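The values are calculated or read from the model by the stated rules, or taken from the named source; none is laboratory data. Since the structure is predicted, the reported quantities are computational estimates derived from the model, not experimental observations. Neighbour counts run over all protein chains shown; Cβ positions are idealised from the backbone, glycine included.
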Amino acid sequence: MSSNSKTSVSKAQNEQHKKILSQLLKLECNRRCCDCSARGPTWASVNLGLFVCLNCSGIHRSLGTHLSKVRSTTLDTWLPEQVEFISKLGNVRANNYWEARLPRGFRRPSEGDMSAMKDFIIEKYQNQVHFSWLLACTAMPIIIQCHSFRADGQCISFDDKPCLLPGDL
């Protein structure tokens, strides 16, 4: 039974979670911020299931925890269900939903334009301007089966075969 308290996470479990998060960040699909595409995100929205950079994490925090719950992938304690959720979603799948209706040829705001980035993130998550409920509802069973991690931290795909991490190639 899972508790909703970070104090219920043991030190060993916390270390295992950090190892899993580190592996997830090595995957090509998570190597860039979900919003601005900056390299090497180290923060995440645990309820949206995506990784973001430090700058975008600040914008996510300003949205409020009812929209985005931000955690560091290296500094914070994660609950098992949060690790499981982000393992099943990740940046590419998350953007398949949140950006499903972006106009063709859309250009993201540049990393340095924080005002435009904040507007984009508010449109994306708060106003759900580009979100596709149909796509999210029809693809959800696929997300649940995509990949997960065993207790030893080994990534496995839906057919129980080991996932290839960038270092394995």
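What to note about this one:
- A residue that is among the β-branched types (Val, Ile, Thr), surrounded by 17 or more Cβ atoms within 10 Å (Cβ to Cβ), modelled with pLDDT under 95 and at negative phi occurs somewhere in the stretch 8-28.
- Qualifying residue in the stretch 10-17 (condition: hydrophobic (A, V, I, L, M, F, W, C), touching a helix residue (DSSP H, G or I) at 6+ places or on another chain (Cβ under 9 Å) and either more than 23 Å from Lys118 (Cα to Cα) or touching a residue at least 12 places away in the same chain (Cβ under 8 Å) (or both)): no
- Filtered by the rule that a residue be out of contact with any Ser or Thr (no Cβ under 6 Å at 6 or more places or on another chain) and of a type in the set (A, V, I, L, M), the stretch 6-43 gives Ala12, Ile20, Leu24, Leu25, Leu27, Ala38.
- Among the numbered conditions (1) over 17 Å from the mean Cα position of the chain (by Cα); (2) among the hydrophobic types (A, V, I, L, M, F, W, C); (3) surrounded by fewer than 13 Cβ atoms within 10 Å (Cβ to Cβ); (4) at pLDDT below 65, the only one that Phe106 does not meet is (4).
- Pairs where the first residue, in the stretch 74-96, is more than 10 Å from Asn30 (Cβ to Cβ) and the second is assigned to a helix (DSSP H, G or I) and of a type in the set (Lys, Arg), C-beta under 6 Å, 6+ apart: Thr77/Lys6
- In the stretch 47-65 there is at least one residue that is farther than 17 Å from Lys118 by Cα, within 11 Å of the chain's Cα centre (by Cα), without any contact (Cβ under 8 Å) to a residue 60 or more places away in the chain and crowded, with 18+ Cβ neighbours inside 10 Å.
- Candidate set from the stretch 66-101 (those that are under 16 Å from Trp43 (Cα atoms) and of a type in the set (Phe, Trp, Tyr)); member that is surrounded by the fewest Cβ atoms within 10 Å (Cβ to Cβ): Phe85
- Given (1) modelled with pLDDT under 95; (2) under 25 Å from Tyr125 (Cα atoms); (3) of a type in the set (Gly, Ala, Ser), number of the condition Gly40 does not satisfy: (1)
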